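The values are calculated or read from the model by the stated rules, or taken from the named source; none is laboratory data. In this text the structure is predicted, and so the values were computed from the model without any measurement. FYI the Cβ positions are ideal-geometry reconstructions off the backbone, even for glycines, and counts take in every protein chain you see. Surface accessibility is based on the protein's heavy atoms, side chains included, excluding ligands, DNA and RNA. Shrake-Rupley method; radii C 1.70, N 1.55, O 1.52, S 1.80 Å.
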Amino acid sequence: MSAVLPFSLATVKCNQPRNETCSSLASLKPFSLRKNALKKAFTHVCKLTIRASSTSISSVTVEKDATYGTVFVIRAQDKMGLLPAITRVLKGHRIEKATMEFDEKEDYFVVKFQVTDSNGNKIEDNESLIRIENALMDAINGGEGVVVRKAGFSGAKTERMFELMDGFLKNDPVSLQKDILHHVEYTVARSRFSFDDFEAYQALSHSVRDRLIERWHDTQQHFKKKDPKRLYFLSLEFLMGRSLSNSVINLGIKDQCAEALSQLGFEYEVLAEQEGDAALGNGGLARLSACQMDSLATLDFPAWGYGLRYQYGLFRQIIIDGFQHEQPDYWLNFGNPWEIERVHVSYPVKFYGSVKEEVVNGKKCKVWIPGETVEAVAYDNPIPGYGTRNTINLRLWAAKPSEGLDIESYNTGDYINAIVNRQKAEIISNVLYPDDRSYQGKELRLKQQYFFVSASLQDIIRRFKDMHNNFDEFPDKVALQLNDTHPSISVVELMRVLLDEEDLSWKRAWNIVCKVFTFTTHTVLPEALEKVPMDLFETVLPRHLQIIYDINFAFMEELKNKIGKDYVRLSRMSIIEEGAVKNIRMANLSIVCSHTVNGVSKAHSELLKTRVFMDFYELWPEKFQYKTNGVTQRRWIVVSNPSLCSLISKWLGTESWIHDVDLLTHLKNHASIPELQHEWKMVKKINKMRLAEYIETMSGVKVSLDAMFDVQIKRIHEYKRQFLNILGVIHRYDCIKNMEESDRRKVVPRVCIIGGKAPPGYEIAKKIIKLCHAVAETINNDTDIGDLLKLVFIPDYNVSVAELVIPGSDLSQHISTAGHEASGTGSMKFLMNGCLLLATADGSTNEIIEEIGAENMFIFGAKINEVPKLREKESTIKAPLQFRRVVRMVRDGYFGFKDYFKSLCDTVENGKDFYLLGSDFTSYLEAQAAADRAYVDKEKWCKMSILSTAGSGRFSSDRTIEDYAEKTWGIKPCKLPL
């Protein structure tokens, strides 16, 4: 019995310019791929046996007598990629009336289709027909095929399933409209004749997600078939930003979505604004994780991301009278259409209890008897690649109560205790960054970390055991990336599983663990490395503490053999820190158990070798590498700056730079051309208009578009020196205030923009925010100053706000004290958008200097190697007069709140200026003056801007991921065939 699967090629739409019908065989691709993908999915669900074989061709025949076109008939065994292979051979020809029949009895497919040349004529000459026949046979026989042995379902049911789902969802505007209206009525449950912008956003998001799910399923099935080595990226933080804009760009359907919505009476840009930020992280590390997931998908690497699904994201920052107040971020209040709850994917995670020694089969073994069990439930977030069908997965875990505990409580009539247990379980994944100044906060933080890694490793091991039964193969199939020390406990958890649950010997388990883990640290100062009190560890994870003792004992014995009895060095390198309070050093644990330790910039790597991990570098120099961080140009140019994206594509003559970002270097050839400079300045002006409108709406401050937009947006911290920026603004204000009117006309207008959140318990950072508002209140209302100077604080800074601010910036400040910024990915985002940098030679700035030249930046301040010497002399060096004057203005209450700012001023005076604001102040003012002079010369400034974008390709996360894949993880691309 056979089933006919029709392929109506003449009406298929492809991702070419809108409304163009694709009549080439390329239109077969989505159908044939879906056919094959569904076949694979079906075999997986039904647990079918798949065996590899070479495909044999019964025949390739030609029917020249057909009334229209030349009919080709191919009879072949079931073959993955059969129709795509035909597509490649007949590229440029027109295909119509294609059918496929499956002969179940003979286990053959019969594909029949009519072919004409590009002009619609039959192909009749024998030479062409023979050439096509041979090419078809070569293409089909050249690949790897599968024969499917069906079990469980009858052939009729199988073919019926394929017939019902033989194609991907279409991406033309009409099809998108139908899907949007379907979701309005059946998912959002609103009338399709009455729904608002937010409901339209929800329906559009579900429609886009449907297309992601198709690709996601096929990608996972492809990975399962190929069984490559997979990367598992473990990070407690992911700042993904908005998903809609990024997804439609990567899927290549933004124009189609915009047209579909326009015909329904909606604007795509308005709907995109309806989405809130998934603020599941704080700062550069979390945004870096998101960029790397985008690059992993785009570059076709077989990878999964793992993290926590926080009920409340990073706090919402509310400014009242210039003071920061924190409110919970209820980001899930209106649902999240991008996630897929996997209620059937859950794992028990254990805490507390005790460890007993038992004899099993004559062998002593440790048995952990937990005192508490919590369920980890998976929530999947598809991550699409750009220019590829590959769609990988970010799996986030949410904590739920164990059913056993609830049932026990209900059975005993203790309803209240059941509710308390539920709340106690769910709090684990409730809050991002619990305040760990108290014991309870430290305990919750440790539970979060273990909950996350335990669930992730159970999932990873389950997936490995689906395909393999020998754990010696684990390092060949699994790479585990530790994104900073937060997931470090996973090395101990993997040891526990291999020892206690898989019954491996210590030596064998240890050999596996040391081959699978790689560690990237983002820390610059040794005192900032994460530590966990040993008594807390013993209470929460008693079995893991035993394993840490064993790991440390073996490491110390190995170390004694290499360095002798240097007890001071042994103490520094020990995983266990002795003292009044014993601690577990999570970074030391990660280094000992990982085969590679990565820094995130060249400068950071040198600090790791010479300061932070000097002892370990001397022991294992081969372990230490660096991969300069990068950001994805898809998010930070294509999504956030579409005007610049179009301009770049126009002048490069291609959009290929979106995938191959090194092509941006060719902009250097055009940097001096007046036409490009004119268009470049127009793009910047449009972006400044958007930012100016946002500033006026948000703060009521009206700013001049002729002014230089000078921006510093990042976490508020003393080492990032927002205080230095504000003191510079005060100096500028003081100078203008005391100028003659004739001199004021020569001043370059500035709009100084600061944004960022202060950690809730960081009082000095909060005072910096208040000072910014106090100074702004004075400057912005001074009629003598007018548009020459404005100071604006942007509240609740997040990814979406950054997408607005960065494209509209002229100058961006990255002014951390040298040696304190590990990388600094913010500078890379500004660089890509043609924003000039005013920066210290810190973190990745040194590599940016190498790429675009110091002459195209404004560099100031002490170098990394100069900072320690300056600190030693700081008490004896008198700060410059200009610095002392502006600090005195703050201290004396010129901007109000005299008593409140006293402690802030104390941090930079009387020999306490640890971050060297006074030492760098004169150099800082000189750099600002250089920026003023350059801004006056519009052609020079524009050329510098173009060269900044042209030199930004090196700082793409694509390059970072390629380096990791080759030098650290040992993974290779596994591209889903088209």
| message | Of all residues being part of a helix (DSSP H, G or I), closer than 21 Å to VAL600 by Cα and of a type in the set (D, E, K, R) in region 850-866, which is nearest to the chain's Cα centre (by Cα)? Just the residue, please. | response | GLU851
| query | Only one of these conditions is not met by LEU976: (1) modelled with pLDDT under 95; (2) open to solvent by 10 Å² or more (accessible area, probe 1.4 Å); (3) of a type outside the set (Ser, Thr, Tyr). Which number is it? | reply | (2)
| query | Just wondering, is there one or more residues in region 867-877 that are modelled with pLDDT of 95 or more, part of a loop (DSSP other than H, G, I, E, B), over 30 Å from TYR935 (Cα atoms) and not aromatic (Phe, Trp, Tyr)? | reply | no
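Closer than 21 Å to CYS365 by Cα and not hydroxyl-bearing (Ser, Thr, Tyr): does that describe LEU494?
For LEU494, the condition - closer than 21 Å to CYS365 by Cα and not hydroxyl-bearing (Ser, Thr, Tyr) - is met.
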| request: State all residues of region 690-737 that are in contact with a Cys (Cβ under 9 Å, 6 or more places away or on another chain) and of a type in the set (Asp, Glu); if no residue qualifies, say none. | output: ASP710
| query | Within the group ASN390, ASN361, ASN411, ASN417, which residue is at pLDDT below 90 and open to solvent by less than 70 Å² (accessible area, probe 1.4 Å)? | reply | ASN417
| message | Can you pull out every residue in region 708-725 that is in contact (Cβ under 8 Å) with a residue 60 or more places away in the chain and farther than 12 Å from SER809 by Cβ? | response | LYS714, ARG715, GLU718, TYR719, LYS720, ARG721, PHE723, LEU724, ASN725
| message | Can you name every one of the helices (runs of 4 or more DSSP H) wholly within region 428-505 that holds 2 or more residues which are open to solvent by 40 Å² or more (accessible area, probe 1.4 Å), in contact with an Asp or Glu (Cβ under 8 Å, 6 or more places away or on another chain) and in contact (Cβ under 8 Å) with a residue 40 or more places away in the chain? | response | 439-467
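So, in region 707-739, exactly how many residues are in a loop (DSSP other than H, G, I, E, B) and over 19 Å from ASN781 (Cα atoms)?
8
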| query | In region 364-385, which residues are outside any strand (DSSP E or B) and open to solvent by 40 Å² or more (accessible area, probe 1.4 Å)? | reply | PRO370, GLY371
| said: Quick test of your reading of the structure: LYS170 fulfils all but one of (1) within 24 Å of ARG242 (Cα to Cα); (2) free of Cβ contacts under 8 Å to residues at least 60 places away in the same chain; (3) open to solvent by 60 Å² or more (accessible area, probe 1.4 Å). Name the failing condition by number. | reply: (2)
| note | Scanning region 711-761 for residues that are among the aliphatic types (A, V, I, L, M) and open to solvent by 20 Å² or more (accessible area, probe 1.4 Å), the one nearest to the chain's Cα centre (by Cα) turns out to be VAL747
| Which members of region 506-527 meet the condition of being part of a helix (DSSP H, G or I) and open to solvent by less than 20 Å² (accessible area, probe 1.4 Å)? | ALA509, ILE512, VAL513, VAL516
| Can you find even one residue in region 553-570 that is more than 28 Å from HIS604 (Cα to Cα), in contact (Cβ under 8 Å) with a residue 60 or more places away in the chain and touching a helix residue (DSSP H, G or I) at 6+ places or on another chain (Cβ under 8 Å)? | no
| request: Please identify the pairs in which a residue from region 920-947 that is more than 19 Å from TRP651 (Cα to Cα) and open to solvent by less than 10 Å² (accessible area, probe 1.4 Å) has its Cβ atom under 8 Å from the Cβ atom of a residue that is assigned to a helix (DSSP H, G or I) and among the charged types (D, E, K, R), counting only partners at least 6 apart or on another chain. | output: ALA934/LYS940
| task | Return the pairs, sorted by first residue and then second, in which the second residue is hydroxyl-bearing (Ser, Thr, Tyr) and open to solvent by 20 Å² or more (accessible area, probe 1.4 Å), the first residue lies in region 619-639 and is under 20 Å from LYS602 (Cα atoms), the beta carbons are less than 7 Å apart, and the residues are 6+ apart or on different chains. | result | PHE624/TYR617
| Got a number for residues in region 657-683 being within 26 Å of ARG959 (Cβ to Cβ) and out of contact with any Cys (no Cβ under 8 Å at 6 or more places or on another chain)? | 16
| query | Among (1) part of a helix (DSSP H, G or I); (2) open to solvent by less than 30 Å² (accessible area, probe 1.4 Å), where does TYR900 come up short? | reply | (2)
| task | Could you tell me whether any residue of region 643-656 is under 23 Å from GLU803 (Cβ atoms), of a type outside the set (S, T, N, Q) and either touching a Cys at 6+ places or on another chain (Cβ under 7 Å) or open to solvent by 60 Å² or more (accessible area, probe 1.4 Å) (or both)? | result | yes
| Any chance region 685-706 includes a residue that's in a helix (DSSP H, G or I) and under 30 Å from PHE914 (Cβ atoms)? | no
| field | All positions within region 246-265 that are of a type outside the set (A, V, I, L, M) and either more than 13 Å from TYR201 (Cβ to Cβ) or out of contact with any Phe, Trp or Tyr (no Cβ under 9 Å at 6 or more places or on another chain) (or both) | value | ASN246, ASN250, GLY252, LYS254, ASP255, GLN256, GLU259, SER262, GLN263, GLY265
| Any idea which of GLY284, GLY265 is among the small types (Gly, Ala, Ser) and under 24 Å from the mean Cα position of the chain (by Cα)? | GLY284
| Selected residue (criterion: farthest from HIS820 (Cα to Cα)) from residues of region 284-314 that are open to solvent by 30 Å² or more (accessible area, probe 1.4 Å) and not in a loop (DSSP other than H, G, I, E, B) | TYR312
| request: State all residues of region 315-344 that are closer than 24 Å to PRO795 by Cβ, among the acidic types (Asp, Glu) and open to solvent by less than 30 Å² (accessible area, probe 1.4 Å); if no residue qualifies, say none. | output: ASP329
| request: Please specify each residue of region 173-211 satisfying the condition of being over 18 Å from GLU339 (Cβ atoms), part of a helix (DSSP H, G or I) and open to solvent by 40 Å² or more (accessible area, probe 1.4 Å). | output: VAL174, LYS178, HIS182, GLU185, TYR186, ASP197
